[in-house]
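A short worksheet on the structure shown next.
The values are calculated or read from the model by the stated rules, or taken from the named source; none is laboratory data. Here the structure is a predicted model, which means the values were calculated and not measured. Positions of Cβ are backbone-derived with ideal geometry, glycine not excepted, and every protein chain shown enters the neighbour counts. In case anyone asks, the SASA skips ligands and DNA or RNA and just uses the protein heavy atoms, side chains included. Shrake-Rupley method; radii C 1.70, N 1.55, O 1.52, S 1.80 Å.
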Amino acid sequence: MSSWTTIRTRYLRDEVPVRLGGLAANLLRIRSYADRPDHEEVVSRLVRESALFIEWTAADVDPAKLEDLAELQRRLSLWYRNWEVVWADEATRTDMAREAGDWSQLLLEMSGLLAREA
């Protein structure tokens, strides 16, 4: 069994709000780790994993949320496809980190997990 298969099996055990929370956590990790050039491998894997999280969750998400997830999927795919350029340019990497943080917050709100804490 590949590592992606194992991750997928574990990820799909959770309800959609928890999955969206996991995706938000990944995006926050991207924001956090992108400030150090030596974290390239970790951030690249987080970008790829986040795109897979969306792919695995899309069929179970409320249709009203799909547009946002599709846009995030597009952003992640662009970063991953142009990885060498994104990572090599500090300004582009900083923009990616900021954007990942913004998406993280949006996904937490979308998940409803923040409302559960109140």
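Tabulated data for the structure shown
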| item | result |
| --- | --- |
| Matching residues, region 6-28, being among the hydroxyl-bearing types (S, T, Y) and open to solvent by 60 Å² or more (accessible area, probe 1.4 Å) | T6, T9 |
| Spans of helices (runs of 4 or more DSSP H) in region 29-118 with at least 3 residues open to solvent by less than 30 Å² (accessible area, probe 1.4 Å), free of Cβ contacts under 8 Å to residues at least 12 places away in the same chain and in contact with a Cys (Cβ under 9 Å, 6 or more places away or on another chain) | none |
